[in-house]
Amino acid sequence: MKSVPKILQRIIDTMRKAQTFCVVGHIRPDGDCIGSQLGLTLALRGLGKDAVCWNQDVVPQKLSFLDPDKVVSKPVKGKHFDCVIATDCASFERLGTVGEHIQNRDIFINIDHHGSNTRYADINWISPKEPSSGELIFRLLKAAKLPVTPTIANCLFTAVSTDTGSFQYASTRPSTYHTAAELVKHGAELGRICHEVYQSYPLSRVRLLRHVYNSFRLVHDEQIAYFWLKPVDFARTGATTADSEGLIDHVRDIEPVVVACVFEEMEPEVTRVSLRSKTKDVNVSAIAQEFGGGGHPAAAGARIEGRPLTVQRRVLAAVRKALDAVKS
Ligand SMILES: [Mn+2]
């Protein structure tokens with residue numbers, strides 16, 4: 001039998017000793033974050049632990065099928081936890097308001113797959129070669145010999161599927177397919193997950209997508225695609241910020257495009273930038289880190305202060321520089 005890695009064993013020992021848990025995730029949670037958080041929380045409850053699951057932001061509509069009992073909730077003041085576990089969260093700041101309410105704890109565990117993770121906890125299990133945090137949670141549950149119920153399998157399959165772009169990203173590994181196969185064996189409902197996550201977009205998102213197609217720009221020999229999302233675009237389409245997730249894929253998927261950027265005006269002087277790269281020669285995580293953000297080589301982001309057009313100019317210049325470095 002394969003021996004359990006030391007870091008994993010430390011996490012399992014801590015999990016067994018502690019009684020009260022809080023499982024936390026990042027702001028604007030995605031499928032990997034919610035799936036990992038919920039999967040772990042439900043497994044802890046199955047073990048007889050008192051586990052809550054906190055997020056600053058609500059569960060996106062398309063993921064709400066994973067949480068019919070509303071396990072995910074907003075943080076509450078004044079609680080003590082034996083153990084706090086963060087999943088899929090690259091930095092403490094990305095916990096948002098959750099960070100303020102988990103200070104009263106005995107031990108803090110950080111389970112993540114972002115190479116840019118700042119190792120902010122007491123125990124940090126960071127595995128950047130893993131395409132999703134969901135796969136790490138699955139390994140943890142298996143090593144701890146915890147039952148993977150069909151409900152947990154749904155959560156973790158959603159995590160793996162969404163963070164690999166349905167098993168399309170280059171980060172997908174043989175073990176990813178093995179994990180997915182095992183999760184289906186454990187009862188993950190493939191058809192239902194695909195229907196809920198990929199085939200149930202609200203009309204408001206489609207209106208926002210129409211705005212994207214109407215307004216995106218191509219520059220630098222059509223190698224860079226970008227578009228803006230402004231408060232007025234959300235107001236006009238009735239879309240929420242959660243609806244903007246994945247819109248970038250539609251311009252990334254154009255043939256000559258190598259790097260795609262979305263500029264989202266959060267406040268008049270704060271822009272959220274998302275970046276996608278189609279080549280391993282351009283690491284958008286490195287670009288995002290220049291602006292105080294982070295992520296993965298193929299998908300990253302940052303929140304940048306300054307006048308919107310100044311932010312656009314600086315980011316596009318950094319992307320151009322990275323693309324030119326490939327050519328030379
Ligand atoms: Mn992730």
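Where a number appears in this text, it was derived from the coordinates with a stated rule and is not lab data. On a predicted model such as this, the values are computed, not experimentally measured, just so you know. In this analysis, Cβ positions are derived from the backbone assuming ideal geometry, glycine residues included, and neighbour counts consider all displayed protein chains.
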* Asked: Remind me, relative contact order of the range 241-282 in percent, using alpha carbon pairs under 8 angstrom and six or more residues apart?
  -> 34 percent
* Structure fact -> Listed by chain and number, the aspartates and glutamates with an alpha carbon less than 18 angstrom from that of Lys79, same-chain partners under 8 positions apart left out, are Asp50, Glu100, Asp106
* Structure fact -> Relative contact order as a percentage, the range 167-268, C-alpha pairs under 8 Å and 6+ apart, gives 25 percent
* Three semi-axes of the equivalent ellipsoid, the chain, Cα gyration tensor, whole Å, largest first -> 33, 21, 20
* Give the relative contact order (percent, whole number) for the range 203-327; include only Cα pairs under 8 Å separated by 6+ residues. => 19 percent
* Point-charge dipole on Cβ atoms (K/R +1, D/E -1) for the range 71-193, about Cα centre, debye to 20 -> 160 debye
* Structure fact -> Given pairs Lys49/Lys77; Lys17/Lys142; Lys49/Lys129; Lys129/Lys278; Lys6/Lys145 and cut-off 22 Å on Cα-Cα distance, the over-length ones are Lys49/Lys129
* **Mean Cβ count within 10 Å, highest first, over the residues of peptides 82-95, 113-126** => 82-95, 113-126
* **Label-to-label distance, nm, for residues given as Val206 and Leu218 (7 Å Cα→Cβ offset)** => 2.6 nm
* Simple Cβ-charge dipole of the range 203-327, Lys/Arg +1 and Asp/Glu -1, about Cα centre, in debye nearest 20 -> 120 debye
* **Highest average packing first - 217-229, 54-66, 198-210, Cβ atoms within 10 Å** => 54-66, 217-229, 198-210
* Structure fact -> With -39,500 (n - 2.57) per DSSP H segment of 4 or more residues and division by the full residue count of the chain, the 222 nm estimate, nearest 500 deg cm²/dmol, is -12000 deg cm²/dmol
* **Förster radius 41 Å - calculated FRET efficiency between Ser166 and Ala317 (Cβ-Cβ, nearest 0.05)** => 0.80
* **Packing-based order for 232-243, 149-160, using average beta carbon neighbours within 10 Å, highest first** => 149-160, 232-243
* lysines with Cα under 17 Å of Lys70, excluding same-chain neighbours fewer than 8 positions away -> Lys62
* To do: Could you work out how far helix 6-17 tilts from the main Cα principal axis of the chain, as a 0 to 90 degree angle to the nearest 10?
  => 60 degrees
* Asked: Using the Cβ atoms and a cut-off under 12 Å, what net charge is assigned to the surroundings of Phe92, where Lys and Arg are +1 and Asp and Glu are -1?
  -> -1
* Mind giving me the nanometre distance, one decimal, between the label points for Tyr198 and Glu255, set 7 Å out from Cα along Cα→Cβ? => 2.4 nm
